[in-house]
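J.: Shown below is the structure under consideration.
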Amino acid sequence: DTNGYFIDFDANIGLTNWQTRNALSGRSAYQYSVDETLTWLKGNHSITYGGSAFLGRAWDDNQQQVTGIDLRFDTTNDPAASLFSAANFAGASAAQLTDARELYALLTGRVGAVTGQAALDPETNQYSLNGKRRRAGKLDNYAFFVQDSWRLTPTLTLNAGLRYDLQTPFEPVNDTMSSATIESVCGISGLGDGSLYNACDFYHPGTRGVVPEFVQFTTGTKGYTVDKNNFAPNVGIAWRPSVETGWLRTLLGDPEQATLRGGYSEAYNREGFGVFTGVFGANPGSTLSLSRDVNTGLVGPGEQWPVLLRESNRIYTSTFPQTASFPIAIRPNRADNIEAFHPDIKVPHARTWTVGLQRAVGKDMAAEIRYVGTRGVDQWSDLNYNELNVQENGFINEFKLARANLTANNAAGGAR
């Protein structure tokens, strides 16, 4: 009884829709992993070797089910706008007149917008009306390590090891997402010194760079450069002082349980898939908005207001290209954000150090006090370059001159 449309009744007058939602979504993240460890006992040494492979895969889907219709009243173009005035509705407030207009739009089926989207099919590289959008990618991690637990004396043990992690950059397994180079992120400002925090030369106005564009993020393309320098050492020591008398005996307790421990280690992070799909998936290209409203041609040349729900020949989405066309240039009339990773971004890791004291509490119980400190290194963060430059372009100096002129004018008794 809605002719296959998703009709939104609650856009402006607060009615409850009979349907729940028009966009369905789903996601899955899964992995294949192999871990192998070999331990070799040799004298006072317990040496452990090992390796692991983590093959991570993920996808997320989103799909608008049917074309949507928003019922609303256009106060600028609708010929019935003059009906809703204080003269015709004595004593009505502005809010009540608005409610009356929206109720009238609902009862007479006045269409304010037709909504829809086209999704890029990864199999055909073509757009389809209200099709399913799937973003899919993978990230692999390979690790090798060696660890030695060396019992130097019956009361002193030293642990030391080294782990190497090779984390491959995120890469897509279909062609629905788009990416941008660091040159496109910098745009006409051009590149800076190449560092993470000064990648772009935003502070010297001029045109030295490129017109930004999005490129198709195709299967097998690396999201950034491989970071190969991921060595993670660790060292630890455990010492049992074996103090039998004196004040240290009172402090440490039972010599068989009193133990001092300390250590240092490094560990590399593996980010969740949402970090990557949130960046590459936010760029345009995977979907096209096909919505039509008052600003995008809902009523064409030679047509009359209003568009009514019964006029099925006027209720349709915008046309769209069948085949995806890349690169997508950032034109002045576009308002897209550009999302990208710095090409030389490092795999983040953490440095941790610990100091602890274990003391006996009774014959069959022990308690330990431990301090743990952790410091993140190369941790990822978002840098928003949409800031206003008021220094290098001279604006702040002109503002100071204007303020000085105003102050002098006021001091001389001039008009404000």
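The values are calculated or read from the model by the stated rules, or taken from the named source; none is laboratory data. Note that the coordinates shown come from a computational prediction; the quantities given were computed from them, not determined experimentally. Neighbour counts are summed over all protein chains in view; Cβ atoms, including those assigned to glycine, are modelled from backbone coordinates with ideal geometry. These accessible areas exclude ligands, DNA and RNA; they are computed on the full protein's heavy atoms, side chains included. Shrake-Rupley method; radii C 1.70, N 1.55, O 1.52, S 1.80 Å.
J.: What are the ³J(HN,Hα) values, in whole Hz, obtained from phi via the Karplus relation 6.51 cos²θ - 1.76 cosθ + 1.60 with θ = phi - 60°, for each residue of the stretch 134-141 in sequence order, with x given for Gly and Pro?
T.: 10, 9, 9, x, 9, 8, 10, 9
J.: Follow-up question, since we're still on this one. Taking only protein heavy atoms and a 1.4 Å probe, what accessible area per residue, in Å², does the stretch 288-338 have with all protein chains in place? The partial results should precede the final answer.
T.: On the way: 3410 Å² over 51 residues.
The answer is 67 Å² per residue.
J.: What's the magnitude of the charge dipole for the chain around its Cα centre, counting Lys and Arg as +1 and Asp and Glu as -1 at the beta-carbon? Answer in Debye, nearest 20.
T.: Details: 35 positive and 42 negative charges, 165 e Å.
The calculation lands at about 800 debye.
J.: Now, a different point. Which ³J(HN,Hα) values in Hz, rounded to whole numbers, follow from the phi angles of the stretch 344-355 under the Karplus curve 6.51 cos²θ - 1.76 cosθ + 1.60, where θ = phi - 60° and Gly and Pro get x?
T.: Result, ordered by residue: 10, 4, 9, 5, x, 8, 10, 10, 10, 10, 9, 9 Hz.
J.: Kindly report the accessible area of the stretch 169-225 per residue (heavy atoms of protein chains, probe 1.4 Å, no ligands, DNA or RNA), in Å².
T.: With all protein chains present, the stretch 169-225 gives 46 Å² per residue.
J.: Per residue, how much accessible surface does the stretch 14-140 expose to a 1.4 Å probe? Answer in Å², no decimals.
T.: Working: 7100 Å² over 127 residues.
In whole numbers, the stretch 14-140 has 56 Å² accessible per residue.
J.: Okay, next question. Taking θ as phi - 60°, what are the ³J(HN,Hα) couplings along the stretch 370-386 by the Karplus curve (6.51, -1.76, 1.60), each to the nearest whole Hz, with x for Gly and Pro?
T.: Here the 3J(HN,Hα) series is 9, 9, 10, x, 9, 10, x, 10, 6, 5, 7, 8, 8, 10, 9, 8, 7 Hz.
J.: Under a Cβ-only charge scheme (Lys and Arg +1, Asp and Glu -1), can you give me the dipole magnitude of the stretch 100-243 about the Cα centre, in debye to the nearest 20? Provide the component values of the computation, followed by the final result.
T.: On the way: 13 positive and 13 negative charges, 105 e Å.
Rounded to the nearest 20 debye, it is 500 debye.
J.: If one takes the longest principal axis of the Cα atoms in the chain, at what angle in degrees, from 0 to 90 and to the nearest 10, does the Cα axis of helix 395-411 lie?
T.: Once rounded, one gets 70 degrees.
J.: Per DSSP H run of n ≥ 4, the term is -39500 (n - 2.57); total these for the chain, divide by its residue number, and report the mean residue ellipticity at 222 nm rounded to 500 deg cm²/dmol.
T.: Working: 5 runs with 52 residues, N = 416.
Here the helix-only value at 222 nm equals -3500 deg cm²/dmol.
J.: Excluding residues fewer than 8 places away in the same chain, name every one of the aspartates and glutamates whose C-alpha is closer than 15 Å to that of K228.
T.: Candidates past the 8-residue exclusion: D140, D165, D344, D378.
J.: For the chain, with all protein chains present and a 1.4 Å probe, just round the carbon and sulfur fraction of the accessible area to a whole percent.
T.: Details: 13290 of 24690 Å².
Roughly 54 percent, rounded to a whole number.
J.: Taking GluC sites (Glu not before Pro) as candidate sites, keep only those in a DSSP loop with at most 16 other Cβ atoms within 10 Å, then name the longest stretch of the chain containing none of them. Don't skip to the end; give the middle numbers.
T.: Working: sites that count: E123, E244, E256, E271, E303, E311, E387, E392.
Longest stretch, sites excluded: 1-122.
J.: Expressed as a rounded percentage, what relative contact order does the chain have, with Cα pairs under 8 Å and six or more residues apart? Each step should come with its number before you reach the end.
T.: On the way: 842 pairs, mean separation 65.0, N = 416.
RCO, the chain: 16 percent.
J.: In degrees between 0 and 90, to the nearest 10, how far off the longest principal axis of the chain does helix 94-108 point, with axes built from Cα atoms?
T.: 80 degrees
J.: Toward the positive end of the charge dipole of the chain, about the Cα centre and with charges on Cβ (Lys, Arg +1; Asp, Glu -1), which of G161, T354, V114 goes farthest?
T.: Of the listed residues, the answer is T354.
J.: What number, in percent, do you get for the relative contact order of the stretch 237-308 if the mean sequence gap of Cα pairs under 8 Å and at least 6 apart is divided by its residue count?
T.: Rounded, it is 22 percent for the stretch 237-308.
J.: Suppose every Lys and Arg Cβ carries +1 and every Asp and Glu Cβ carries -1, with no other charges. What dipole size does the stretch 62-183 come out with about its Cα centre, to the nearest 20 debye? The partial results should precede the final answer.
T.: Values: 10 positive and 13 negative charges, 62 e Å.
It comes to approximately 300 debye.
J.: Moving on. Loop only per DSSP, at most 11 neighbouring Cβ atoms within 10 Å: give me the trypsin sites (Lys or Arg not before Pro) in the stretch 1-71, ordered by residue number.
T.: Loop-located and lightly packed - R21.
J.: For K222, give me every one of the lysines with a C-alpha distance below 29 angstrom, ignoring sequence neighbours fewer than eight places off in its own chain.
T.: The reachable lysines, counting only those whose Cα sits under 29 Å from K222, are K132, K138, K346.
J.: Can you give me the C-alpha center-to-center distance between the stretch 346-378 and the stretch 262-308, rounded to a whole angstrom?
T.: Cα centroid of the stretch 346-378 versus Cα centroid of the stretch 262-308: 44 Å apart.
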